[in-house]
1. Working only within the stretch 340-383, note down all residues that are among the aliphatic types (A, V, I, L, M) and within 19 Å of Ala117 (Cβ to Cβ).
2. How many residues are in a helix (DSSP H, G or I), within 24 Å of the chain's Cα centre (by Cα) and surrounded by 21 or more Cβ atoms within 10 Å (Cβ to Cβ) if we restrict to the stretch 297-317?
3. Does any residue of the stretch 270-287 turn out to be hydroxyl-bearing (Ser, Thr, Tyr) and either at pLDDT 95 or above or assigned by TED's automatic domain parsing to the domain that holds Leu432 (or both)?
4. Taking Glu214 as the residue in question, decide whether it is acidic (Asp, Glu), surrounded by fewer than 24 Cβ atoms within 10 Å (Cβ to Cβ) and outside the structural domain of Leu486 (by TED's automatic domain parsing).
5. Please work out which residue is nearest to Gly345 (Cα to Cα), limiting yourself to the stretch 225-240 and to residues that are buried (at least 24 other Cβ atoms within 10 Å of the Cβ) and acidic (Asp, Glu).
6. Based on what the data block shows, is Ile161 of a type in the set (Val, Ile, Thr), part of a strand (DSSP E or B) and over 18 Å from Cys362 (Cα atoms)?
7. Does the stretch 81-99 contain any residue that is β-branched (Val, Ile, Thr) and at pLDDT below 95?
8. Does at least one position in the stretch 192-209 carry a residue that is free of Cβ contacts under 8 Å to residues at least 40 places away in the same chain, in contact with a helix residue (DSSP H, G or I) (Cβ under 9 Å, 6 or more places away or on another chain) and within 18 Å of Ser14 (Cα to Cα)?
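The values are calculated or read from the model by the stated rules, or taken from the named source; none is laboratory data. Keep in mind the model is a prediction, meaning the values are calculated, not measured. When we count neighbours, we look across all protein chains shown, and the Cβ atoms used for this are built from the backbone with ideal geometry, even at glycine.
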Amino acid sequence: MESLHTTDVIVIGSGISGLMTAISLYPRKVTLISKKKLGEASSSAWAQGGIAAAIGNDDSPKIHFEDTIKASSGLSDEKIVKIITDEAASIIKFLEEKGVDFDKDHLKNFLMSQEAAHTRRRVLKVNGDSSGKEIIKTLINNIQKLENITILEDVTIDEIITENNNVIGLIGRHIGKNIVDNFTFFKAPNVVLATGGLGSIYEHTTNPRDIYGEGIAMAARAGAILSDMEFVQFHPTGMDIGLDPTPLLTEALRGDGAKLVDENDNQFMKLVHPSGDLAPRDIVARELQKLKDLGHSTFLDCRKFSEKQLQTLFPSAYNFLKKANIDFTKEKIPVTPVAHYHMGGVLVDENGKSSINGLWACGEVSSTGAHGANRLASNSLLEAFVFGKRIANSINSQVLNNIKDENINFKKYLPKERTSSRIRAKKYIWQLRNIMSDLVGVYRNEQKLKKAFIEIDRIEREAKDLSAKLKDMILVSRLITYSAYLRKESRGAHFRSDYPKSDNKFLFRKKITIIEMQDFLNKREYIEKVA
């Protein structure tokens with residue numbers, strides 16, 4: 001059974017970027033699509049870090065700008081960095097007006113944390129390390145009061161429909177345990193991708209399991225230009241206790257005195273970087289991975305905190321540790337690098353517009369140029385808010401074109417029947433996640449990347465009729481591997497052990513399309529040359 005839904009703007013995703021965009025689109029007729037219940041299927045709700053904003057007396061947008069540029073390893077777009085750092089204060093004001101209750105002291109001054117590679121305390125929090133959860137809750141409360149927004153939950157999107165490089169709509173399905181695939185055609189001249197990142201294509205990730213790059217896959221198949229796909233940020237302090245997803249121990253713990261140590265209590269980061277435990281994330285993650293590869297164990301030492309202190313300052317971390325039965329006042333916490341954030345995605349301009357007319361993207365699915373090769377901690381929420389608002393302002397300034405139903409044969413876009421074996425799909429999803437972690441993870445080289453191509457080919461061949469999720473994961477994995485293969489240098493979060501130094505020949509953001517990648521794969525040179 002099929003149905004048709006018509007609207008002015010479709011927003012796909014119910015994390016911070018999607019909610020911010022939807023709120024800011026008033027009075028446009030908006031359809032907000034969420035794969036699960038509102039706010040559940042997003043990394044935003046799990047965000048323990050807060051929002052970076054230069055509002056302290058010793059801080060300024062200029063200093064914030066300089067810190068961001070320095071952390072980006074030369075690849076950030078200075079115009080975009082200036083936009084987000086200049087607009088940060090107005091975003092904080094907007095959120096307070098919407099009811100976000102930032103942590104403050106008894107004099108009503110903002111309580112701010114310092115995180116890695118920031119030279120000032122400028123990270124605003126909400127209820128300690130529960131910032132994402134609290135902000136999401138407040139935004140949802142606001143959205144539910146707006147009559148211009150139609151909320152559709154338990155809906156997944158299969159395809160972006162375009163004609164002559166113009167968006168005309170989407171094909172989606174209502175999903176649920178007792179629902180047979182029920183396709184809906186969504187007709188709209190503007191679609192905003194706010195689907196989040198891709199962490200779950202890796203074996204160890206802090207992202208929810210439903211975050212596997214589906215927005216990037218949809219945009220790529222529609223012909224959108226992508227950028228910076230090779231830059232996957234690994235957070236150094238995931239709790240190494242065998243859970244999937246991996247619980248995150250926020251960087252702010254180290255900002256407040258927790259220490260990284262090995263099994264002999266050596267504070268190894270002191271010998272690696274002048275900033276020690278608060279060195280840029282890529283450097284810390286690589287050092288942890290190197291030690292683990294050499295047979296060492298790595299820990300976060302939180303024994304300086306009393307139980308009351310940790311519960312008050314870091315309630316999310318406290319609850320994780322309690323559930324894991326770890327007494328942090330007496331024992332060290334095992335940690336490991338985990339896939340956390342993707343700097344790349346759908347290439348957009350300063351207003352969030354992609355290379356396809358009517359297709360916009362914000363949040364982690366997008367590549368704005370704000371983060372370059374290595375994201376500065378807590379700039380991601382700031383970027384999501386800034387670009388959600390900028391997209392809405394751009395759409396609201398337009399006269400929206402009506403799309404006539406008679407010009408569209410939606411049924412020709414219906415997806416083909418896919419495999420009904422969920423167990424079979426899960427088997428290959430797990431294999432793919434393992435391959436990406438082993439071969440396209442913290443350390444990469446040519447032989448690993450070639451082997452990754454071969455193994456991804458094998459999975460596609462053996463899996464035969466692909467589930468929608470596995471199909472998307474294979475495409476996104478190939479896009480990352482292809483971009484990593486092309487960048488024959490080490491820069492930011494992308495490290496090639498066969499090219500360990502940065503090379504100015506690669507001092508540019510690599511833009512790719514699915515057609516370009518497919519041409520490379522068709523040559524199959526990675527098979528001919530691999531040992």
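1. Taking the stretch 340-383 and keeping what is among the aliphatic types (A, V, I, L, M), we get 343, 346-348, 356, 359, 361, 365, 370, 373, 376-377, 381-382.
Passing the criteria: Met343, Ala370, Ala373, Leu376, Ala377, Leu381, Leu382.
2. Within the stretch 297-317, the subset in a helix (DSSP H, G or I) is 307-313, 315-317.
This time we only want the ones that are within 24 Å of the chain's Cα centre (by Cα), so: 315-317.
Those still in the list that are surrounded by 21 or more Cβ atoms within 10 Å (Cβ to Cβ) too: 316-317.
Within the stretch 297-317, residues that are in a helix (DSSP H, G or I), within 24 Å of the chain's Cα centre (by Cα) and surrounded by 21 or more Cβ atoms within 10 Å (Cβ to Cβ) number 2.
3. no
4. In short, no.
5. So, considering only residues that are buried (at least 24 other Cβ atoms within 10 Å of the Cβ) and acidic (Asp, Glu), the one nearest to Gly345 (Cα to Cα) is Asp228.
6. On the way: of a type in the set (Val, Ile, Thr): yes; part of a strand (DSSP E or B): yes; over 18 Å from Cys362 (Cα atoms): yes.
Yes.
7. First, pick out the residues of the stretch 81-99 that are β-branched (Val, Ile, Thr): 81, 83-85, 91-92.
After this cut, where a residue has to be at pLDDT below 95 as well, the list is none.
Within the stretch 81-99, not a single residue is β-branched (Val, Ile, Thr) and at pLDDT below 95.
8. Step one: list which residues in the stretch 192-209 are free of Cβ contacts under 8 Å to residues at least 40 places away in the same chain, which gives 209.
From what is left, the residues that are in contact with a helix residue (DSSP H, G or I) (Cβ under 9 Å, 6 or more places away or on another chain) are 209.
Now narrow it down to the ones that are within 18 Å of Ser14 (Cα to Cα): 209.
Checked the stretch 192-209: at least one residue is free of Cβ contacts under 8 Å to residues at least 40 places away in the same chain, in contact with a helix residue (DSSP H, G or I) (Cβ under 9 Å, 6 or more places away or on another chain) and within 18 Å of Ser14 (Cα to Cα).
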